[in-house]
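Following: one structure in structure tokens, then a few remarks.
The values are calculated or read from the model by the stated rules, or taken from the named source; none is laboratory data. Nothing here was measured: the structure is a model prediction, and the numbers come from that model. Cβ coordinates were reconstructed from backbone atoms using ideal geometry, including for glycine residues, and neighbour counts include every protein chain displayed. Heavy atoms of the whole protein, side chains included, go into the accessibility calculation; ligands, DNA and RNA do not. Shrake-Rupley method; radii C 1.70, N 1.55, O 1.52, S 1.80 Å.
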Amino acid sequence: LTGVLDDCLCDIESIDDFNTFKIFPKIQKLQERDYFRYYKVNLKRPCPFWADDGHCSIKDCHVEPCPESKIPVGIKAGSSNKYSKVANNSKELEDCEQANKLGAVNSTLSNQSKEAFIDWARYDDSQDHFCELDDERSPDAQYVDLLLNPERYTGYKGPSAWRVWNSIYEENCFKPRSVYRPLNPLAPSRGGDDGESFYTWLEGLCLEKRVFYKLISGLHASINMHLCANYLLEETWGKPRWGPNVKEFTRRFDPVETKGEGPRRLKNLYFLYLIELRALSKVAPYFERAVVDLYTGNGHEDAESKALLLDIFRDTKSFHMHFDEKSMFAGDKKGAKSLKEEFRLHFKNISRIMDCVGCDKCRLWGKLQTQGLGTALKILFSEKEIQSLPENSPSKGFQLTRQEIVALVNAFGRLSTSIKELQNFKVLLQQTR
């Protein structure tokens with residue numbers, strides 16, 4: 001897999017080097033910090049599109065939530081002590097897998113900004129959202145320790161998993177009736193169609209609709225990469241062993257086994273990486289302000305986390321071959337606005353489909369990665385609002401909840417891991433030849 005990507009001026013080798021030597025080590029460290037390690041999610045929301053056909057009963061599908069009783073009082077949603085020093089220094093902070101440093105639930109603001117936070121909380125920015133956000137106040141929403149619930153192959157497959165991806169591709173990717181080949185790359189092609197007519201049609205689409213398909217395909221490829229890299233290889237004496245599965249990787253990405261689809265999928269993974277990289281560089285001014293604090297109650301850790309995040313932002317800005325989102329929705333104002341809204345609603349629908357995933361662990365990571373991408377899109381289409389942010393107070397024009405920030409960083413971390421794992425598979429394939 002080499003050369004220049006379509007729809008951007010970037011080559012794969014440059015991304016590989018940049019990711020391996022600059023981004024991957026730092027994003028790994030950042031994901032281990034308490035602010036980014038805990039994600040509040042509702043895994044019990046019913047599927048809005050079809051009757052639920054039951055949850056995966058495989059033990060590896062299970063997600064172990066952080067018990068509510070062990071969450072520090074200082075970070076509970078709705079707690080009157082959310083910002084008080086006493087609550088953030090109590091004995092309870094030592095519980096729940098070192099959750100002692102975990103921060104305020106809905107904000108990136110320190111306790112000095114609580115008056116501003118009240119105004120901020122009143123602002124309804126649902127028009128900017130590309131995702132269906134979980135209600136963090138719901139009794140079904142729980143904190144999950146992402147480090148204790150890693151994304152990997154759980155054994156969840158078959159009709160239920162198929163239906164989720166089929167629904168995403170077939171009902172949400174701007175497909176005209178004249179195209180008979182299923183958009184789902186896992187679907188068997190009909191008749192003698194080798195897929196080339198499909199890609200001829202795809203290239204004929206406007207940039208925005210082409211980008212939309214590539215984002216979904218890239219997300220699918222990235223998730224498949226994680227499953228291949230963290231596969232249940234064997235279980236001895238009741239202890240599972242996880243690791244890379246070359247055979248599974250070949251089945252999903254080899255040009256021969258996939259009739260040429262595999263390399264296209266991987267190129268879309270790189271394309272998605274560039275989109276989220278661009279969003280990180282664009283959102284930097286939001287976090288560079290002194291008023292924004294990755295608040296966990298531990299001043300020393302908070303300062304270190306913010307310094308590491310800003311360091312990553314500097315790296316993202318230093319990469320010179322970004323995707324240029326200015327070329328999107330650039331037609332006549334009325335048509336562009338209508339297309340952008342259609343784009344947003346299609347993506348929002350995909351975030352709702354994630355509530356139909358039968359495996360809890362797959363649902364957790366599916367929701368997190370779609371929310372991360374949705375947050376990236378929100379950032380890319382809010383450039384003016386980000387540039388006009390006030391230095392010392394929250395803005396009503398643009399804001400991110402803690403849930404969105406955690407999803408954004410972890411979703412990009414997953415893409416960075418996918419590209420790193422691809423390098424590992426290249427080495428493993430050479431060794432098996």
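The table for this structure:
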{"quantity": "Residue match in the range 335-347 (condition: open to solvent by less than 10 Å² (accessible area, probe 1.4 Å) and assigned to a helix (DSSP H, G or I))", "calculated": "yes"}
{"quantity": "Criterion violated by Ser388 - all others in (1) more than 22 Å from Ser305 (Cβ to Cβ); (2) surrounded by fewer than 21 Cβ atoms within 10 Å (Cβ to Cβ); (3) touching a residue at least 24 places away in the same chain (Cβ under 8 Å) satisfied", "calculated": "(3)"}
{"quantity": "Flag for Gly260 being at positive phi, surrounded by fewer than 16 Cβ atoms within 10 Å (Cβ to Cβ), touching a residue at least 60 places away in the same chain (Cβ under 8 Å) and of a type outside the set (D, E, K, R)", "calculated": "yes"}
{"quantity": "Filter result for the condition that a residue is among the hydrophobic types (A, V, I, L, M, F, W, C) and within 15 Å of the chain's Cα centre (by Cα), over Ala303, Ala407", "calculated": "Ala407"}
{"quantity": "Some residue of the range 397-407 being modelled with pLDDT of 95 or more, out of contact with any Ser or Thr (no Cβ under 6 Å at 6 or more places or on another chain), in a helix (DSSP H, G or I) and not aliphatic (A, V, I, L, M)", "calculated": "no"}
{"quantity": "Residue tally, condition loosely packed, with under 12 Cβ neighbours inside 10 Å and either within 24 Å of Val4 (Cβ to Cβ) or β-branched (Val, Ile, Thr) (or both), over the range 307-323", "calculated": "2"}
{"quantity": "Test: residue in the range 352-373 that is more than 22 Å from Tyr231 (Cα to Cα), open to solvent by 40 Å² or more (accessible area, probe 1.4 Å) and under 20 Å from the mean Cα position of the chain (by Cα)", "calculated": "yes"}
{"quantity": "All positions within the range 359-385 that are in contact with an Asp or Glu (Cβ under 7 Å, 6 or more places away or on another chain) and either assigned to a loop (DSSP other than H, G, I, E, B) or without any contact (Cβ under 8 Å) to a residue 40 or more places away in the chain (or both)", "calculated": "Ser382"}
{"quantity": "Glu276 modelled with pLDDT of 90 or more, within 30 Å of Arg33 (Cα to Cα) and either in contact with a helix residue (DSSP H, G or I) (Cβ under 9 Å, 6 or more places away or on another chain) or not hydrophobic (A, V, I, L, M, F, W, C) (or both)", "calculated": "yes"}
{"quantity": "Residues (among the small types (Gly, Ala, Ser) and at pLDDT below 80) located in the range 142-188", "calculated": "Gly155, Gly158, Ser160, Ala161, Ser178, Ala187"}
{"quantity": "Meets criteria (at pLDDT 90 or above and among the basic types (Lys, Arg)) for Lys259", "calculated": "no"}
{"quantity": "Test for Asn424: is it part of a helix (DSSP H, G or I) and either open to solvent by less than 10 Å² (accessible area, probe 1.4 Å) or not hydrophobic (A, V, I, L, M, F, W, C) (or both)", "calculated": "yes"}
{"quantity": "Lys326, sole failed condition from (1) free of Cβ contacts under 8 Å to residues at least 60 places away in the same chain; (2) not in a helix (DSSP H, G or I)", "calculated": "(2)"}
{"quantity": "Residues located in the range 286-306, provided they are at pLDDT 85 or above and buried (at least 17 other Cβ atoms within 10 Å of the Cβ)", "calculated": "Tyr286, Phe287, Ser305, Lys306"}
{"quantity": "Helices (runs of 4 or more DSSP H) completely within the range 1-61 that count 2 or more residues being at pLDDT 90 or above", "calculated": "12-18, 24-31"}
{"quantity": "Flag if Gly243 is small (Gly, Ala, Ser) and open to solvent by 30 Å² or more (accessible area, probe 1.4 Å)", "calculated": "no"}
